[in-house]
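Asks: Supplied in structure tokens, the structure appears directly below.
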Amino acid sequence: MNMAAATSLSSPKLTFSSSHLQTLCRKFPLSFSHSFSSSLSLSKPLALAPVSLSRRPSSISPFRRFAVRAESENGAEPLHYDFDLFTVGAGSGGVRASRFAANFGASVAVCELPFATISSETTGGVGGTCVLRGCVPKKLLVYSSKFSHEFDESGGFGWKFETEPKHDWSTLMANKNAELQRLTGIYKNILNNAGVTLIEGRGKIVDPHTVDVDGKLYTARHILIAVGGRPFIPEIPGSEHAIDSDAALDLPSKPTKIGIVGGGYIALEFAGIFNGLNSDVHVFIRQKKVLRGFDEDVRDFVAEQMSLRGIEFHTEELPQAIHKSADGSLSLKTNKGTVDGFSHIMFATGRRPNTKNLGLEGVGVKMTKNGAIEVDEFSQTSVPSIWAVGDVTDRINLTPVALMEGGALANTLFRNKPTKPDYRAVPSAVFSQPPIGQVGLTEEQAMQEYGDIDVYTSNFRPLKATVSGLPDRVFMKLIVCAKTDKVLGLHMCGEDSPEIVQGFAVAVRAGLTKADFDATVGIHPTSAEELVTMRTPTRKIRNSSPPEGKTDSGVKAAAGV
């Protein structure tokens, strides 16, 4: 939103270069109430009577609380901004904030790098990580890999195959990439239909109100950083032979034997994918268990189930070097020995905020040691006119959370409705095989925060497995406050867990009690009905002296980050 309208919208726009303004100042010693951008290097603050300088008519109330704060604390503002909001990064959070802001009447621009399936310093694409090299392509590969398990299940139901089904990797990659092209086109249309200006190129922050996109400068009342994160590979000898999750989604050929380094959700998802596509899969983790931060029962259960499907876990092993043999095969040396014969070695050891070479340090934006942008509860950085949402802030690194943060920011800036993102009861999923769904607290977090809890668990063989003959099982868990009967956490590992938990997340967020669950009629025969039929606690935990106040519930860990 530009300066407040004090005259009609027909008032002329005034634009001056820095040199022109300085010349005018020397000739006409006027007193002004509004100061100009510090980039003009004027010795005295200047001001004009408030004039409508907006690029286009707007129905928004001008000089909102946050807009005024940004302007006054930055010290000065120019006569004219090119945009009310300039967003760097067209991923989930950036697109959501930009579209909503435009719908609220703001003039908005977004810059994004050209499309490519693998990200780099010069490539990206409208849609961002989730759409182009994260959630969506990963889920497509999960769908592809699940068929092998379904073929195995089908025998008990009377299906016979004259020949073994064969998988064609090139077909999967071609269809996956065609879908990504379709989706990035849809995101471009979403921005265009909202009236957002899309600028292709790399953005760099020049000052609190200016962005440089490949040599062209754009000014904005507010700047939003929504550039997400990128995977990283630790530097060990031979690390140049390793791949990350970007590359794993776009390989020219399917791995025959792959070593995956990491025990988080990305590692487990790719382990399930390649195992389902009949690759020999080895997972190397530095701890005793996978999925640090998840509920302990779930960690044990998913590792057991994945092992039964043929995935080999190497626990408490730290990678030390990768060696490439003359035949092209790779070997991974760890603190416990060496495993040979890999066609691929993938590192899934985390992601880092993509803040390198954005110019943030030069304008005073504070960041953490790992490069994440520090923000307050409204997503405002240490520079009042610069904001940040999504993975670049390293709060809860989930696409739906970035969407929530982007929408909240648009409300804050352009609806006169300051809105904090609400991180209570954020549900999440791991698309491992079997998949995981969870919402609320883990048992460990609930013990710390509430003291006295009742824990309900169920570990059973689903109906389908009784005929398929496969060792598939389902695990469910409810964590209940003993004093209030409120359901504090819900965890599930088994087929359809993410779909089931999404529905139950509404109940957990609403604060429903175990009695409410018990009073709900189940749908039969389903696995989900077990969540409303568990009557007897597996264990009752009584800690008479919980910590004073509520401790950090580990939201990030519980969200699978």
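Asks: Whole-Hz ³J(HN,Hα) for each residue in segment 332-337, computed from phi via Karplus 6.51 cos²θ - 1.76 cosθ + 1.60 with θ = phi - 60°, x for glycine and proline: what do you get?
Replies: So the J values, rounded to whole Hz, are 10, 9, 10, 5, 10, x.
Asks: A further question on this structure: Please identify every one of the GluC sites (Glu not before Pro) in segment 260-340 that sits in a loop by DSSP and has no more than 16 other beta carbons within 10 Å of its own beta carbon.
Replies: Sites meeting the loop and neighbour criteria: Glu316.
Asks: Then there is this: Restricting things to alpha carbons, find the Rg to Rh ratio for segment 427-551 using the Kirkwood radius for Rh.
Replies: 0.99
Asks: Which of the three applies to segment 144-241, rounded, prolate or oblate, going by the alpha-carbon gyration tensor with a ≥ b ≥ c and a/c under 1.5 meaning rounded?
Replies: prolate
Asks: Of Lys464/Lys540; Lys257/Lys289; Lys216/Lys356; Lys138/Lys254; Lys289/Lys336; Lys514/Lys540, which sit over 25 Å apart, Cα to Cα?
Replies: Pairs exceeding the cut-off: Lys464/Lys540.
Asks: Continuing with this model, one more query. Would you kindly find the accessible area of Arg351, with a 1.4 Å probe and non-protein molecules such as ligands, DNA and RNA excluded, rounding to the nearest 10 Å²?
Replies: Counting only protein heavy atoms, Arg351 exposes about 70 Å² to solvent.
Asks: Let me ask something else about it. Just to check I understand the Karplus step: with θ = phi - 60° and J = 6.51 cos²θ - 1.76 cosθ + 1.60, what whole-Hz values come out for segment 491-501, glycine and proline as x?
Replies: 9, 8, 9, x, 3, 6, 3, x, 5, 5, 5
Asks: Give the accessible surface of segment 331-399 per residue, rounded to a whole number of Å², with probe radius 1.4 Å and ligands, DNA and RNA excluded.
Replies: 40
Asks: Distance from the Cα centre of segment 388-412 to that of segment 117-158, in angstrom?
Replies: 24
Asks: Another question, if that's okay. Given the protein chains as shown and a 1.4 Å probe, how many square angstrom of Ile523 are accessible, to the nearest 10?
Replies: Spelled out: Ile523, probe radius 1.4 Å, area about 120 Å².
Asks: Order Glu495, Glu530, most accessible first, counting only protein heavy atoms with a 1.4 angstrom probe.
Replies: Glu495, Glu530
Asks: Check Met367: other-chain or 5+ apart residues with amide H under 5 Å from its amide H, H built from backbone geometry?
Replies: Those qualifying (amide H under 5 Å, at least 5 residues apart or on another chain) are Glu374.
Asks: Given just the C-alpha atoms of segment 293-345, how large is their convex hull per residue in cubic angstrom?
Replies: Spelled out: Cα convex hull of segment 293-345, divided by residues, is 99 Å³.
Asks: Here's a follow-up. Going by accessible area, probe 1.4 Å, with all protein chains left in place, what is the ranking of Ile260, Ile199, largest first?
Replies: Descending accessible area places them as Ile199, Ile260.
Asks: From largest accessible area down, sort Met306, Met404; use a 1.4 Å probe on the protein chains.
Replies: Sorted by accessible area, descending: Met404, Met306.
Asks: Which net charge results for the neighbourhood of Val532, defined as the other residues with beta-carbon distances under 12 angstrom from its beta-carbon, given Lys and Arg at +1 and Asp and Glu at -1?
Replies: -2
Asks: Take the Cα pairs of segment 237-310, get the Kirkwood Rh, then feed it into Stokes-Einstein at 4 °C and 1.567 mPa s and tell me D in µm²/s.
Replies: My calculation gives 99 µm²/s for D.
Asks: If you don't mind, another one. Take Asn175 and Val467, extend 7 Å from each Cα along the Cα→Cβ direction, and tell me the distance between the two endpoints in nm.
Replies: Using points 7 Å along Cα→Cβ, the separation is 2.6 nm.
Asks: Something else now. Under a 5 Å amide H to amide H cut-off, with H placed in plane at 1.01 Å, what residues pair with Asn416 once short-range neighbours are removed?
Replies: none
Asks: Right, something else. What translational diffusion coefficient, in µm²/s and rounded to a whole number, does the Stokes-Einstein relation yield for segment 180-324 at 25 °C and a viscosity of 0.890 mPa s, taking the hydrodynamic radius as the Kirkwood radius over Cα pairs?
Replies: After rounding, the answer is 130 µm²/s.
Asks: Sequence-distant or interchain residues sharing an amide H contact under 5 Å with His167, placed H: which?
Replies: Amide H neighbours of His167, under 5 Å, 5+ apart: none.
Asks: Could you go through segment 196-202 in sequence order and give the Karplus-derived ³J(HN,Hα) for each residue, using 6.51 cos²θ - 1.76 cosθ + 1.60 with θ = phi - 60°, rounded to whole Hz, and x for Gly and Pro?
Replies: 7, 7, 9, 10, 8, x, 8
Asks: To continue, here is another question. Once neighbouring chains are kept in place and the probe is 1.4 Å, which whole percent of the accessible area of segment 222-366 is contributed by carbon and sulfur?
Replies: Carbon with sulfur: 46 percent of the solvent-accessible area.
Asks: If you don't mind, another one. I'd like the trypsin sites (Lys or Arg not before Pro) in segment 393-446 restricted to DSSP loop residues with at most 15 other Cβ atoms within 10 Å, sorted by number.
Replies: Passing both the DSSP loop test and the Cβ count: Arg424.
The values are calculated or read from the model by the stated rules, or taken from the named source; none is laboratory data. Fair warning: this is a prediction, and the values are worked out from it, not measured in the lab. Note that each Cβ is placed from the backbone with ideal geometry, even for glycine, and that neighbours are counted across all protein chains shown. Side chains included, ligands, DNA and RNA excluded: accessible areas come from the protein's heavy atoms. Shrake-Rupley method; radii C 1.70, N 1.55, O 1.52, S 1.80 Å.
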